[in-house]
Amino acid sequence: MKNCSILWGLIVFTLFPSVQARQITTAASTSDSLLMSHIWDFQANAGTAEGVGLPDTDWVENALLGTLQLPGCAAALVSANGLAVTSAACLRSLDTWIRPGDTLFVADELSQEHRLEGLKVRQLSGIKKIENPGDTFPNVEPDMQSQIHKGRGHGSYWKYSWRVYDDVRLVFIPPIELENFGDEDSVYPRYAMDFALFRVYDKNDQLLDTESYFAWNDRPPRYRERLYATVFSKDESFTRVTILDRFDYNGTVSPSFTTMYGILDLHHSHGAMSSWALPAELKSLIAGSDLSTALNFSVAGECAEMGVAIIDIDMEILGISFDNAHTQEGLRCVGMSTAGILSLLRSPLNAKNIVEELAEQSRWQNR
Amino acid sequence: MNLGYKGYIAASLFCLAVVAGCTPAAVEVVNVVSEPLIKESPQTSTALIGEQNSPFTPSVDQFDVDLGRFDGGKMWTFDNPPVDWFAEEYGLDADSAWFAKARLGALRFGTQCSASFVSGQGLILTNHHCARESIADVTLEGENLLETGFLAETTSDERKIPDLYVEQLWEITDVTHRVHRAGNAVRGDNERVMVRRNKASEIEDEMTLAAKMRDSTLQVEVVELYSGERYAAYTYRRYEDVRLVMAPEKQLGYFGGEKDNFTFPRYTLDMAFFRAYDQSGNPVETPNHYAWSTNGAAVDDAVFVVGNPGSTSRLGSVSQLMFERDYTLIHQVEALDHRAELLRFYRDMEEPGADVVNNMWFSVSNSLKALEGQLDGLRNDTLIARRSAAVNQIREDLFKSDSLSARYGTIFQDLDELQLSKRAEANRLSAFTFFGTSIGSRILTRALYGYYYANLQRRGYVDQDAIDEIREDAMALEDFPAEVDQILITLRFHELQEALGEQDPTMRSILGGLTIDSLAARIVATTVLRDSAGFATLLDEGFLNSNDPVVPVISALAPLYFTAQRQAESLKNREDLLVAEFASLRFALYGTNVPPDASFSLRISDGRVGGYVYNGTYAPAFTTFYGLYDHYYAYRNMNTTGTPWDLPERWLDPPNSLPLSTPLNMVSTNDITGGNSGSPLLNRDLEIVGLIFDGNIESLSNVYIFSDQTARAVSVDTRAILASLQHVYGAEYLVTEITESAERHRSH
């Protein structure tokens, strides 16, 4: 999906001006009904906590706190130092996007990071159950916002408090030829490197210090694995439970994920005059990576937003959403795998510091 | 004369073979349904659940119908080559020498496939899926050549395949007049069909005898074209000593398995090499072979397929198509769907005997995929509208001529009325869809054989050979696990009950007061027909006099079945004659401008290399070895016990010398169908650039009307064949043999 709508992002930012800044996030205050209100099975929009395997309220809270919002999109925090991953299209479609244009950008040193002027992101800082949705709250801090969210199907209301950050710096974005490989849209099987990394800084020019982030895991998602994605919608938030499965297409079944080999297959198959043609340096970039690495995958059901973390039961991030594909079974969410991201950063680009930062956070790596 | 891939296999079964498409399915589907009980074989087509009203005349004007010049396809015969068209479209000056060369390099391979000579020393190229049976036949104890592949180190290691032959089309003689004259001498539809068939076979024998006087390797076959409007005697040179030279592992030859059948993009090395030997045991000299193109084809290149397409139905009426859509296909799909589901359920339980069930399931789901593709095609209103526009054009042209009007004026109405008669019978016949074929319950099929066998003996039928053959066929059925037989019997009884009604006397007599479930359970628990051994004993002791619980069932069912079959046959004969009339009219109007429907005889089809729009994007004309690895790694995690995209050991770590960017499979717009498997894809210089092995899913409805918008023929690129021989299989002598032939060709 190339035209990530930035509409609702603006609505949120304008309709819910900052009003209050009390930190109220505790398991006790949120209670089990928060958990219940967050479950959204991709099949039935229903289910029980046990049925879909959401562990507990803490799990949901962490997922909420690790998710950033930016205009029209989401992003996932992946380190304690404010590093976040989103869809490249989410950044390139920003009104304020100027540099680095369509080319590859890598900042392996903090000093090389490029500030994205005008971009604001916000992170949830607290949730509180409220009785009267009409209540208003006085504005306390200028960088705080709040918003009333409906509980899913329970008639309950929750006040979400947000902290807004306006110092956001680009860390990595692939060249547009890889992001838009083949100029394909709403298609799966897919071979696009649609992701970007950025870092959030606080108002004191310091790296965002956060306890809530998704541990990086560069294993490919497993066939029939349950996956989760937490989404903030206009007036609600929910965790969707989905599954990495295959579907009937084109007389066969889709692969559960695609690999980097496919990029070179399409490059050579379609030829030099096609949208799949890569300049020599990008071809060698891809050829230098581990080609068997998982690249894109698709999960059951539509993704509500792009840049959303797709995580496993251990809350480790396996990918981010970047498109919805039209299939015989309706829309399916297409994800960029963390494995594919790392394979590009690792051997061909040798972005040691970024890789190390991600790896340090990876519980899986440390096992 | 050739009615199908195997002698007298009834037309209805032949239809199914056709249904299989040109693909790996062809082999399997033929296996599935190639076991008709007896000559009066079942009309599988007519099944009906719920009467449907479909007007015969669709409102054509609601569509923007573009009456395609090639709606009738491009399967040209060699006695009417489209010289002008080739010149117009490709600027190709194809003279008789060009067509002769195109014809003589091509082969019919066994009874189901095509092939070609690719060197001067009798080297033959065909598909791995066409070679499977042969590979199994020459596998020695301790070997598993299907899994491991095979490469003869030297010619002396090449292994002779028992009973395999290939045929080269030597000459074509028009014998229409003789056949028609015989047919015109009798009255009655059935009689005339019979007389024509007999005459054709008489001419076949007579000409074969004469040809063999000249050359003992010659063999004549009379081919029916334009639904009997034309008959042509095809003289073949038959090579009866054919030896296996090279076959890749099944994992390469059938990469993607049943799942990827009819799919493109595709990454399959569906190839195998054989060699023809002469009677003195030397490789035959084959000056008429195709040179190997080492450069391959490029997008938009003109390419030609020379092969033996099995069957198409492009020249009938709109009402026939609608009957096909509303009755035949729907109920075949339904019957296969139920069976596929039951078989899959059993297979997934991983009980003993699951292998047999798994193979059956593969075949059934393969046929199902093909039939569903055809049904989808017919449900596309544009397709019916295009056929309708074509028929209207014929009508218009007909009425311009008084003499033609007088002779053919009622043909449209006659065909429409016949469809009404078919509808009236459809309900009862539906009960027997796929009855007596090998995808049914083994117990019931054996019982039907037993019933027929016993009756022939009782009636003092004298042809002992025929009786033995029936017995042999019956004994060849593999055993099913009892549970599978039980679910298939139960399904059949339900189908019968639905078609005949609960109060039907035959149904009541079959059930004898029991429920379907308990009757099926009782049969399976006590019959001796569960395995071949028990069946053989019973045949000897007298099947009908035994106390086996299946005897009363089949004694009630079989007469109904045979009556239905005779009625179906009678309708079929009537239809054949009307269709022949219709074809005769077409022929009077257009001559050979429209090629005849496919007939498993040699055709040349032109087209161009090119991708197409699919799945919201664009399918490239070529795929590469990179894609093979993409698929291997991408599907690997789906199943711990292996997937159809698994690779054998030697392919996991290919030598660096193998460029992964080598084109592997390719697509072109040629008109092909089942039987074309193994056909060469040639460039304008008649060099081989590809090896046809499948059609894409979009091509399935081409059985009814040809379109090259998204329908494509899928082939293995010869560059991939050469590269894998050279870099992966180390088949140096083959590479030398192939490339030297190519060099000699270029230096001429």
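For this structure, a couple of remarks:
- Every residue from the range B:255-267 that is within 18 Å of the chain's Cα centre (by Cα) and aromatic (Phe, Trp, Tyr): B:Phe262
- Scan of the range B:702-721 for residues that are more than 15 Å from B:Leu681 (Cα to Cα) and assigned to a helix (DSSP H, G or I), ordered by number: B:Asn702, B:Val703
- When B:Ser599 is tested against the conditions (1) surrounded by fewer than 20 Cβ atoms within 10 Å (Cβ to Cβ); (2) not in a helix (DSSP H, G or I), the lone failure is (1).
- Test result for B:Ala335, in contact with a strand residue (DSSP E or B) (Cβ under 8 Å, 6 or more places away or on another chain), crowded, with 22+ Cβ neighbours inside 10 Å, away from chain A (no Cβ under 14 Å) and on the phi < 0 side of the Ramachandran plot: no
- The single condition among (1) closer than 26 Å to B:Met507 by Cα; (2) surrounded by fewer than 23 Cβ atoms within 10 Å (Cβ to Cβ) that B:Ile443 does not satisfy is (2).
- Within the range B:597-618, the set of residues being closer than 15 Å to B:Val303 by Cβ and either away from chain A (no Cβ under 14 Å) or basic (Lys, Arg) (or both) comprises B:Arg603, B:Ile604, B:Ser605, B:Asp606, B:Gly607, B:Arg608.
- Among the candidates B:Thr515, B:Thr490, residue that is in contact with a helix residue (DSSP H, G or I) (Cβ under 7 Å, 6 or more places away or on another chain) and hydroxyl-bearing (Ser, Thr, Tyr): B:Thr490
- When B:Val553 is tested against (1) crowded, with 20+ Cβ neighbours inside 10 Å; (2) under 21 Å from B:Pro309 (Cα atoms), exactly one condition is not met: (2).
- Subset of the range A:208-253 (residues that are at the interface with chain B (Cβ under 9 Å from one of its Cβ atoms) and not basic (Lys, Arg)): A:Pro220, A:Pro221, A:Tyr223, A:Tyr249, A:Asn250, A:Gly251, A:Thr252, A:Val253
- Test: residue in the range B:509-521 that is under 17 Å from B:Val484 (Cβ atoms), among the hydroxyl-bearing types (Ser, Thr, Tyr) and outside any loop (DSSP other than H, G, I, E, B): no
- Test: B:Gln497 is part of a helix (DSSP H, G or I) and free of Cβ contacts under 8 Å to residues at least 40 places away in the same chain: yes
- B:Arg314 over 26 Å from B:Gly610 (Cβ atoms), of a type in the set (Lys, Arg) and more than 14 Å from chain A (Cβ to nearest Cβ): no
- Elements of type helices (runs of 4 or more DSSP H) contained in the range A:252-357, each with 2 or more residues being surrounded by fewer than 21 Cβ atoms within 10 Å (Cβ to Cβ) and free of Cβ contacts under 8 Å to residues at least 40 places away in the same chain: A:280-287
- The listed residues are B:Gln320, B:Gln279, and the only one of them that is surrounded by fewer than 22 Cβ atoms within 10 Å (Cβ to Cβ), more than 20 Å from B:Val364 (Cβ to Cβ) and at pLDDT below 95 turns out to be B:Gln279.
- Each residue in the range B:467-481 was checked for being over 26 Å from the mean Cα position of the chain (by Cα) and either at pLDDT 90 or above or in a loop (DSSP other than H, G, I, E, B) (or both), and 1 pass.
- Condition met for A:Asp167 (away from chain B (no Cβ under 14 Å), in contact with a strand residue (DSSP E or B) (Cβ under 7 Å, 6 or more places away or on another chain), surrounded by fewer than 19 Cβ atoms within 10 Å (Cβ to Cβ) and more than 30 Å from A:Ala287 (Cβ to Cβ)): no
- Residues that are closer than 26 Å to B:Tyr618 by Cα and within 14 Å of chain A (Cβ to nearest Cβ), drawn from the range B:647-687: B:Pro659, B:Leu660, B:Ser661, B:Thr662, B:Pro663, B:Leu664, B:Asn665, B:Met666, B:Val667
- Matching option when the condition is modelled with pLDDT of 95 or more and of a type in the set (Ser, Thr, Tyr), among A:Thr242, A:Thr258: A:Thr258
- All positions within the range B:243-267 that are of a type outside the set (A, V, I, L, M, F, W, C), within 12 Å of another protein chain (Cβ to nearest Cβ) and over 19 Å from B:Tyr633 (Cβ atoms): B:Glu258, B:Asn261
- Filtering the range B:192-224 to residues that are assigned to a strand (DSSP E or B) and farther than 22 Å from B:Val166 by Cβ leaves only B:Glu224.
- Residue in the range A:151-164 that is surrounded by fewer than 20 Cβ atoms within 10 Å (Cβ to Cβ), out of contact with any strand residue (DSSP E or B) (no Cβ under 6 Å at 6 or more places or on another chain) and at pLDDT 85 or above present: no
- Some residue of the range B:619-632 being within 13 Å of chain A (Cβ to nearest Cβ) and assigned to a loop (DSSP other than H, G, I, E, B): yes
- Qualifying residues in the range B:435-466 (those that are of a type in the set (S, T, N, Q) and modelled with pLDDT of 80 or more) - the one farthest from B:Pro549 (Cα to Cα): B:Gln464
- Single match in A:Arg122, A:Arg99, A:Arg115 (criterion: modelled with pLDDT of 85 or more, basic (Lys, Arg), surrounded by fewer than 18 Cβ atoms within 10 Å (Cβ to Cβ) and over 13 Å from the mean Cα position of the chain (by Cα)): A:Arg115
- Taking the range B:142-169 as the range and being closer than 17 Å to B:Thr208 by Cα and either free of Cβ contacts under 8 Å to residues at least 24 places away in the same chain or touching an Asp or Glu at 6+ places or on another chain (Cβ under 9 Å) (or both) as the test, the residues that pass are B:Tyr165, B:Val166, B:Glu167.
- Residue ID - nearest to B:Leu511 (Cα to Cα), chosen from residues in the range B:541-587 that are out of contact with any Ser or Thr (no Cβ under 6 Å at 6 or more places or on another chain) and among the small types (Gly, Ala, Ser): B:Ser555
The values are calculated or read from the model by the stated rules, or taken from the named source; none is laboratory data. This is a predicted model, so every value here is computed, not measured. Note that each Cβ is placed from the backbone with ideal geometry, even for glycine, and that neighbours are counted across all protein chains shown.
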